[in-house]
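The values are calculated or read from the model by the stated rules, or taken from the named source; none is laboratory data. Bear in mind that the values here come from a model prediction, so they are computed numbers and not experimental data. Here the Cβ is made from the backbone with ideal geometry for all residues, glycine too, and neighbour counts use every protein chain on show. Surface areas here come from the heavy atoms of the whole protein model, side chains and all, with no ligands, DNA or RNA. Shrake-Rupley method; radii C 1.70, N 1.55, O 1.52, S 1.80 Å.
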Amino acid sequence: ANTVPMLSKALCTTLTRALAARSQVHTSSKMAFHTSSYVRSEVVNVHRDTPNNNLDTPWDFTPENYEKIKQILAKYPPNYKRSAVMPLLFLAQKQSEKMPEHGSTGWLPLSAMNRIATVLDMPPMRVYEVATFYTMYNRNPIGKHNIQVCTTSPCMVCGAYDILSAVKKHLGVEVGETTKDGLFHLMEAECLGACCNAPMMQIAGPICNDAYYEDLTPESAIAVIEQIRKGQTPKPNSQSGRLASRGKEKTCLTSEPNGPFCRDLNAK
């Protein structure tokens, strides 16, 4: 009978500590909970021409990616091909990772978005609207390896801000910034769907290719980053050694389940 109150008290304590840590991480921000320089409206929604990002910047899909585009468009009725705008934006961003003339980083030049508008026969503004709405699309050059630390509730209560603080200190950057050598970019991510293995991070780039790194500690997160720095491919998934989302201890469904238990429905 006392199990539920005890669990609730423990959960409240964990949440309180996590929120306190989050407040310390974001003391320099005028916004409530986010300091990433890439979420402010003047950065997200406004384009400024630069020498490597303007209407005249050369950019086109590779022949291999045009074949992939055919496969993508085959999934949609001809009169709804504009629905493919998101996968084409992702394809363009991944292609930029392999383009030295664009820094070999995953981002979307203005000319790439205009090319997508041409392919899908839609106004460029419609493409810009999608690209500026979703944080998964980067409209400015970033680091070669994009480290995305999940800080949504399940990861937060499991120590996500300890991971984020350790990465920030190790790389010498804040959220939304790129290291001076252009190798790493740091982001805060919303839920990445690996809550069972929290805390976790996703790393985009030519080595990791959007792999997940889960069950992190500050030490294991830094170890992953250092492997990438050496040009090595870190082992993805759980960093604690467990298989998938299997519990840390073996359990048997033939044994009596743990509480809290349902009340006696036959009691008067």
Counting only residues that are under 25 Å from P141 (Cβ atoms) and buried (at least 20 other Cβ atoms within 10 Å of the Cβ), segment 190-202 contains a total of 2
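Within segment 260-268, is there a residue that is in contact (Cβ under 8 Å) with a residue 12 or more places away in the chain and at positive phi?
Looking only at segment 260-268, we keep the residues that are in contact (Cβ under 8 Å) with a residue 12 or more places away in the chain, and these are 260.
Filter again for at positive phi, leaving none.
Checking segment 260-268: not a single residue is in contact (Cβ under 8 Å) with a residue 12 or more places away in the chain and at positive phi.
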| message | So, T179, is that one under 24 Å from L243 (Cα atoms) and either in contact with an Asp or Glu (Cβ under 6 Å, 6 or more places away or on another chain) or open to solvent by less than 20 Å² (accessible area, probe 1.4 Å) (or both) or not? | response | no
By residue number, the members of segment 177-204 that are touching a Phe, Trp or Tyr at 6+ places or on another chain (Cβ under 8 Å) and more than 23 Å from D215 (Cα to Cα) are T178
Scan segment 60-77 and tell me whether some residue there is farther than 30 Å from D264 by Cβ, surrounded by 15 or more Cβ atoms within 10 Å (Cβ to Cβ) and at pLDDT below 95. no
Taking segment 244-268 and the residues there that are within 31 Å of the chain's Cα centre (by Cα) and surrounded by 10 or more Cβ atoms within 10 Å (Cβ to Cβ), the one that is modelled with the highest pLDDT would be S245
Of the candidates P218, P206, the one satisfying the condition of being touching a Ser or Thr at 6+ places or on another chain (Cβ under 8 Å) and at pLDDT below 90 is P206
Of the residues in segment 64-109 that are free of Cβ contacts under 8 Å to residues at least 40 places away in the same chain and of a type in the set (S, T, Y), the one that is farthest from A204 (Cα to Cα) is Y80
The number of residues in segment 154-176 that are without any contact (Cβ under 8 Å) to a residue 24 or more places away in the chain and open to solvent by 50 Å² or more (accessible area, probe 1.4 Å) is 2
M136: out of contact with any Gly (no Cβ under 8 Å at 6 or more places or on another chain), open to solvent by 30 Å² or more (accessible area, probe 1.4 Å), hydrophobic (A, V, I, L, M, F, W, C) and not in a helix (DSSP H, G or I), yes or no? yes
Within segment 208-243, restricting to residues that are within 16 Å of C158 (Cα to Cα), assigned to a helix (DSSP H, G or I) and of a type outside the set (A, V, I, L, M, F, W, C), the one that is least open to solvent (accessible area, probe 1.4 Å) is S220
Flag if A117 is among the hydrophobic types (A, V, I, L, M, F, W, C) and either open to solvent by 60 Å² or more (accessible area, probe 1.4 Å) or touching a Phe, Trp or Tyr at 6+ places or on another chain (Cβ under 7 Å) (or both): no
